[in-house]
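S.K.: Have a look at the structure that comes next, please.
The values are calculated or read from the model by the stated rules, or taken from the named source; none is laboratory data. What you are looking at is a predicted structure, and each value in this text was computed from that prediction instead of being measured. Using ideal geometry, Cβ is built from the backbone for each residue, glycine included, and neighbour counts are taken over all protein chains shown. Surface areas here come from the heavy atoms of the whole protein model, side chains and all, with no ligands, DNA or RNA. Shrake-Rupley method; radii C 1.70, N 1.55, O 1.52, S 1.80 Å.
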Amino acid sequence: MSKLDNLPNLYIGFDLSTQQLKLTVIEDTYQIVFEETVHFDKELPHYGTLNGVISNGETVACPTLLWVESLDILLQKLKTKKFPFHKVRIISGAGQQHGSIYWSHNAPFLLSSLDHSKPLVDQLKNAFSVQQSPTWQDSSTSEQCRELEKLIGGAEVLANLTGSKAYERFTGNQIAKLCKANPNAFSQTSRISLVSSFLATLFLGHYAPIDISDGSGMNLLNIHTKQWEDKLLNICSCGAEGKLKEKLDEPEIDGLKILGNVHEYFVKKYGFSEDCKIIPFTGDNPATLISFNIKPGNIVISLGTSDTVLLYTSKPCPTSESHTLCHPIIPASYFSMLCYKNGSLTREHIRDIYTKDVTWERFNNVLNSSKPIKSQIGFYFLFQEIVPFAKGIYKFDSNKLVKEFVDENYNVRAVIESQFLSMKLRIDKLLKDDDEKKEKIQRIIVVGGASKNDQIVKILADVFGAQVWRNQGENSASMGAAIKARTAFLKRECKSIINSNYNEENFSLVAEPDFENTKIYDSMIENYQELEKLVIQLSSTEKYI
Ligand SMILES: Nc1ncnc2c1ncn2[C@@H]1O[C@H](COP(=O)(O)OP(=O)(O)O)[C@@H](O)[C@H]1O
Ligand SMILES: O=C(CO)[C@@H](O)[C@H](O)COP(=O)(O)O
């Protein structure tokens, strides 16, 4: 840790994502000085998770105590490496979006009286009224979604109000399911947190608010007034609107607000300064947005467990397929997002079946040695997809549904092409719908686990006909959270938070498009769209996996 000895101030950003807890530490000039992770399946195997979750049909959840325990494990790793905790000025964080945590009535006492001589997990065993937290991969609430849209006046009304039509993973629908299926657990709940505000709560030792950006992924927040919408609270709580409002408390509009000092537990156990501050934590996608000064013509594509696309917008522009979310630190701004459930885990599935190689080497060899074939298109919805709402694996050769491609290795290329064609189709629609963003995509910034794969990223450049750039660091969401912490420190010192050149020089160009390939992809897109319609139909009637 000697490189940290001369630095006066450090800022921590966490990311409690699907498969890992990640940490990024930056110093005053926004350079990353330290990164660490805890991998849930590998380092906490006693919870029995697979890829960070426990699945039961469409129900997907994570034991809340796993997340609690992972925090001590991560901080202990830093302590062993003699990390200078006392230099940390502000902590912020991010979390996988939409997941919900249900605190019991005992929780406020348990949180405030944490004893540093015992692990967090032993002390918070009775702090939850629901033991398994539903996560973003859950798709068990279709009934609640349809009900919500019906009672509010339709999907479009809901999208205009909350930024999104009803989605299964959105927290309001998860709460509605709990109220109906387990009213007892609902009444035993004193507070409902999102994953982000849950982690902030642990650091504060008292409840942290839900920030408006992560709160935009709940189907409960009016993104214009930035307050909970009473009608929606009413529908999602079986009429117990007042009770749900209490359990959510006020949403936090100021993403840079000092919420309080770090709890004594972390001071005594790890050596944080008593004066170390906590600011609101936000969703992983809003935090990723903060990592970059996205300009018109630039988009961010995250290739993590989920694949997401982020586009900055000055005004809300909800569509039936995208989400509009409040910006995490610029109060009057918004951003648009697309989210795909079939991201890295589906790529891994195809890799395992066709290359039987966990290192990605053979997968990349196939990508390297193959070329796009216009007539061969596949759709790979291993999990119930969000956009389009479809499930199953479907392959087409010259528009005919086939059991397998002539060369089965083509699946490796087809899965990547199909994922990126779907993004291109939808981004083009979003750009067309928004008057202010008429320009062509010039630069794609790529982040997340699969972004380190140069072959995958090369296909991204070809499909979009645009340059692909990467920035420093392994984790954009925890980096964004650390930048948020640094920004809050500057704001406190009344220094300008605009124009801080924290990232431009840290980008590197990773792929240039081959326009011959782009022409082929452009010529496929119309057909892709037609075949996708067919797949949606097939998926509603048949099982294809
Ligand atoms: N070289 C690689 N090529 C393709 N995918 C990769 C590579 N390295 C890691 N990944 C994928 O990254 C995923 C994890 O991404 P990450 O952004 O860390 O996820 P999360 O934040 O959701 O926990 C893994 O599931 C893995 O499939
Ligand atoms: O559901 C969404 C966004 O709407 C997901 O993007 C989650 O936020 C999980 O993110 P990762 O763990 O894949 O980064």
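S.K.: Of the residues L75, L50, L7, L16, only one is open to solvent by less than 50 Å² (accessible area, probe 1.4 Å) and either of a type in the set (V, I, T) or within 16 Å of ligand 1 (Cβ to nearest atom) (or both); which?
M.R.: L16
S.K.: Are any residues in the stretch 19-47 open to solvent by 10 Å² or more (accessible area, probe 1.4 Å), β-branched (V, I, T) and not in a loop (DSSP other than H, G, I, E, B), and if so, which ones?
M.R.: Within the stretch 19-47, I32, V33, T37 qualify.
S.K.: Checking the condition touching a Cys at 6+ places or on another chain (Cβ under 9 Å) and aliphatic (A, V, I, L, M), which residue from I253, I235 passes?
M.R.: Result: I253 is the single residue among I253, I235 that is touching a Cys at 6+ places or on another chain (Cβ under 9 Å) and aliphatic (A, V, I, L, M).
S.K.: Would it be correct to say that F292 is at pLDDT below 95 and within 16 Å of ligand 2 (Cβ to nearest atom)?
M.R.: Against the criterion (at pLDDT below 95 and within 16 Å of ligand 2 (Cβ to nearest atom)), F292 qualifies.
S.K.: May I pose another question? Determine if the stretch 179-194 includes at least one residue that is assigned to a loop (DSSP other than H, G, I, E, B), out of contact with any Pro (no Cβ under 9 Å at 6 or more places or on another chain), modelled with pLDDT of 95 or more and open to solvent by less than 10 Å² (accessible area, probe 1.4 Å).
M.R.: No.
S.K.: Then there is this: Only residues that are in contact with an Asp or Glu (Cβ under 8 Å, 6 or more places away or on another chain), at pLDDT 95 or above and away from ligand 2 (no atom under 16 Å from the Cβ): list them for the stretch 5-32, please.
M.R.: Across the stretch 5-32, the qualifying residues are N9, L10, Y11, V25.
S.K.: Are any residues in the stretch 337-374 under 29 Å from W136 (Cβ atoms), charged (D, E, K, R) and outside any loop (DSSP other than H, G, I, E, B), and if so, which ones?
M.R.: Selection gives R347, E348, R351, D352.
S.K.: Going by what's in this entry, would P328 be described as of a type outside the set (S, T, Y), assigned to a loop (DSSP other than H, G, I, E, B), within 15 Å of ligand 2 (Cβ to nearest atom) and not assigned by TED's automatic domain parsing to the domain that holds L221?
M.R.: In short, yes.
S.K.: Looking only at the stretch 89-104, decide whether some residue is crowded, with 19+ Cβ neighbours inside 10 Å, among the basic types (K, R), on the phi < 0 side of the Ramachandran plot and modelled with pLDDT of 95 or more.
M.R.: Looking through the stretch 89-104, at least one residue is crowded, with 19+ Cβ neighbours inside 10 Å, among the basic types (K, R), on the phi < 0 side of the Ramachandran plot and modelled with pLDDT of 95 or more.
S.K.: While we're here: Condition first: farther than 16 Å from Y340 by Cβ and touching a helix residue (DSSP H, G or I) at 6+ places or on another chain (Cβ under 8 Å). Now tell me which residues in the stretch 405-423 satisfy that.
M.R.: Hits for the stretch 405-423 are F405, E408, N409, N411, V412, R413.
S.K.: Tell me, yes or no, whether the stretch 50-59 has at least one residue that is within 25 Å of G172 (Cα to Cα), of a type in the set (D, E, K, R) and within 21 Å of the chain's Cα centre (by Cα).
M.R.: yes
S.K.: Okay, next question. Residues that are away from ligand 2 (no atom under 16 Å from the Cβ) and among the charged types (D, E, K, R): does the stretch 449-461 have at least one?
M.R.: yes
S.K.: Restricting attention to the stretch 29-47, which residues are of a type outside the set (S, T, Y), more than 16 Å from ligand 1 (Cβ to nearest atom) and in contact with a Lys or Arg (Cβ under 7 Å, 6 or more places away or on another chain)?
M.R.: V33
S.K.: Would you mind stating whether Y207 is within 16 Å of ligand 2 (Cβ to nearest atom) and outside any strand (DSSP E or B)?
M.R.: For Y207, the condition - within 16 Å of ligand 2 (Cβ to nearest atom) and outside any strand (DSSP E or B) - is not met.
S.K.: Taking the stretch 304-340 on its own, how many of its residues are among the β-branched types (V, I, T), within 16 Å of ligand 1 (Cβ to nearest atom) and open to solvent by less than 10 Å² (accessible area, probe 1.4 Å)?
M.R.: Going through the stretch 304-340 one residue at a time, the tally reaches 2.
S.K.: What residue, of V267, V309, is touching a Cys at 6+ places or on another chain (Cβ under 9 Å), assigned by TED's automatic domain parsing to the domain that holds N219, of a type in the set (V, I, T) and modelled with pLDDT of 95 or more?
M.R.: Result: V267 is the single residue among V267, V309 that is touching a Cys at 6+ places or on another chain (Cβ under 9 Å), assigned by TED's automatic domain parsing to the domain that holds N219, of a type in the set (V, I, T) and modelled with pLDDT of 95 or more.
S.K.: Go through the stretch 128-153 and give me each residue that's assigned to a loop (DSSP other than H, G, I, E, B) and under 25 Å from the mean Cα position of the chain (by Cα).
M.R.: Passing the criteria: S129, V130, Q131, T135, W136, Q137, D138, S139, S140, T141.
S.K.: Right, another one. Under the condition of being basic (K, R) and modelled with pLDDT of 95 or more, which residue from the stretch 314-370 is nearest to G480 (Cα to Cα)?
M.R.: K341
S.K.: While we're here: Within the stretch 452-475, work out how many residues are crowded, with 23+ Cβ neighbours inside 10 Å and of a type in the set (S, T, N, Q).
M.R.: 1
S.K.: Further, regarding this structure: In the set F363, F396, which member is away from ligand 2 (no atom under 16 Å from the Cβ), under 14 Å from I456 (Cβ atoms) and surrounded by 20 or more Cβ atoms within 10 Å (Cβ to Cβ)?
M.R.: Step by step, each of F363, F396 is checked, and only F363 is away from ligand 2 (no atom under 16 Å from the Cβ), under 14 Å from I456 (Cβ atoms) and surrounded by 20 or more Cβ atoms within 10 Å (Cβ to Cβ).
S.K.: Starting from the stretch 29-47, keep only residues that are at positive phi, then list their pairs with residues that are open to solvent by less than 50 Å² (accessible area, probe 1.4 Å) and among the aliphatic types (A, V, I, L, M) whose Cβ atoms are within a distance under 8 Å, requiring at least 6 positions of separation or different chains.
M.R.: Listed pairs, sorted by first residue: Y30/I483.
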